[in-house]
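The values are calculated or read from the model by the stated rules, or taken from the named source; none is laboratory data. What you see is a predicted model, and the numbers here were worked out from it, not measured in a lab. All Cβ positions, even for glycine, are placed from backbone atoms using ideal geometry, and neighbour counts span all protein chains on display. Side chains included, ligands, DNA and RNA excluded: accessible areas come from the protein's heavy atoms. Shrake-Rupley method; radii C 1.70, N 1.55, O 1.52, S 1.80 Å.
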Amino acid sequence: MFRWERSIPLRGSAAALCNNLSVLQLPARNLTYFGVVHGPSAQLLSAAPEGVPLAQRQLHAKEGAGVSPPLITQVHWCVLPFRVLLVLTSHRGIQMYESNGYTMVYWHALDSGDASPVQAVFARGIAASGHFICVGTWSGRVLVFDIPAKGPNIVLSEELAGHQTPITDIATEPAQGQDCVADMVTADDSGLLCVWRSGPEFTLLTRIPGFGVPCPSVQLWQGIIAAGYGNGQVHLYEAATGNLHVQINAHARAICALDLAPEVGKLLSAGEDTFVHIWKLSRSPDSGYIEVEHCHGECVSDTQLCGARFCDSSGSSFAVTGYDLAEIRRFSSV
């Protein structure tokens, strides 16, 4: 069971974007950072364990040529082995900051040369893999940035071509030194998933075809791909082969966010039907097949959810954002 804890107020509501919540836990400082997108700005908040807000500030997208300020599409903390960077994507480019958001260390402008006049140009989908940060784009390409241990000498090292439609989300997990292991998955607006092996050069291992609906959110845990789709379904695939093991009719409307608690294998799903569900993933000791168990369901009444994240790696608390909801709602296990 989970109960609604003290909410964290926002200066403005969350934009109606999928995956519109990022959480960074800092146990050494007994703090949790939250990041939410609202139009041309991103709100960064820090809160104590009991939910008391301690600080709040805003970041804005770097402006380029154009009349109106560029809209931000996502904000996400990337935890690398040696540093944590805050990455912000927009219709103009990609901004990388130190974890507190005060110092910008890198700016990458998007090249709209290949886009048609009616095509929107943007970046979306952010994940860290080893000492790389991967960011998706409107063209379906994934940009791979090589991050140094410190300083601003960030380099665009590779562009991955596996998709023909805009990237929606990227998920990674540590490869743990194994060869030929699938440790990154990318999703797009057509529902196609591409499974990759990271390294000095990223390798495309397999494609999982879409079926006519977008895949707004994807997660990866111990070789299991969890994909949330626009029809409300969650599919669980074997990352190594791309085989579908489990299909869950999880929500009555489109899924807007998935998250994983890696210590315990809990999967969090949030949909536009106002519901948040928690599922327990595991493998059968006999067959090795993927198994799933429903653990909890929570209705956030009269709210179009747009972001949901666990607040800790054990899955004992989670937070959600909603369109036109000027607060982050937190829930803790009892």
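A few remarks follow.
- Pick from region 1-40, criterion of a type in the set (S, T, N, Q) and surrounded by 21 or more Cβ atoms within 10 Å (Cβ to Cβ), ranking: farthest from Glu298 (Cα to Cα): Thr32
- Only one entry in Ser157, Ser139 is open to solvent by 40 Å² or more (accessible area, probe 1.4 Å) and not in a strand (DSSP E or B), namely Ser139.
- Spans of strands (runs of 3 or more DSSP E) in region 273-334 with at least 1 residues modelled with pLDDT under 95 and over 21 Å from the mean Cα position of the chain (by Cα): 275-283, 290-299, 327-333
- The set of residues from region 261-272 being in contact with a Lys or Arg (Cβ under 9 Å, 6 or more places away or on another chain), under 15 Å from Ala226 (Cβ atoms) and not in a strand (DSSP E or B) comprises Val264, Gly265.
- Within region 205-214, being in a strand (DSSP E or B) and open to solvent by 10 Å² or more (accessible area, probe 1.4 Å) holds for Leu205, Thr206, Arg207.
- Cβ-Cβ under 6 Å pairs, at least 6 apart or on other chains, region 67-88 side under 13 Å from Ser129 (Cβ atoms), far side in a loop (DSSP other than H, G, I, E, B) and open to solvent by less than 20 Å² (accessible area, probe 1.4 Å): Leu80/Ile147
- Single residue of region 41-63 satisfying the filter (surrounded by fewer than 17 Cβ atoms within 10 Å (Cβ to Cβ) and hydrophobic (A, V, I, L, M, F, W, C)) that is modelled with the lowest pLDDT: Val52
- Residue match in region 64-72 (condition: modelled with pLDDT of 95 or more, within 28 Å of Val218 (Cβ to Cβ), open to solvent by less than 50 Å² (accessible area, probe 1.4 Å) and of a type outside the set (Lys, Arg)): yes
- Residue in region 252-260 that is modelled with pLDDT of 95 or more, open to solvent by 30 Å² or more (accessible area, probe 1.4 Å), in a loop (DSSP other than H, G, I, E, B) and touching a strand residue (DSSP E or B) at 6+ places or on another chain (Cβ under 9 Å) present: yes
- Of the listed requirements (1) at pLDDT below 95; (2) out of contact with any Gly (no Cβ under 9 Å at 6 or more places or on another chain), Met184 misses just one: (1).
- Leading residue by the ranking (surrounded by the most Cβ atoms within 10 Å (Cβ to Cβ)) among those in region 215-238 that are modelled with pLDDT of 95 or more and in a loop (DSSP other than H, G, I, E, B): Cys215
- Selection of region 293-319 for residues being touching a Lys or Arg at 6+ places or on another chain (Cβ under 9 Å), crowded, with 19+ Cβ neighbours inside 10 Å and more than 17 Å from Ala252 (Cβ to Cβ) yields Phe310, Cys311, Gly315, Ser317, Phe318, Ala319.
- Residues that are closer than 24 Å to Ser198 by Cα, hydroxyl-bearing (Ser, Thr, Tyr) and at pLDDT below 95 within region 96-128 comprise just one, Ser99.
- If only residues of region 239-251 that are within 23 Å of Thr206 (Cβ to Cβ), open to solvent by 30 Å² or more (accessible area, probe 1.4 Å) and not hydrophobic (A, V, I, L, M, F, W, C) are counted, the one that is nearest to the chain's Cα centre (by Cα) is Gln247.
- Members of region 265-307 that are of a type in the set (A, V, I, L, M) and within 22 Å of Cys18 (Cα to Cα): Leu267, Leu268, Ala270, Val276, Ile278, Val300, Leu305
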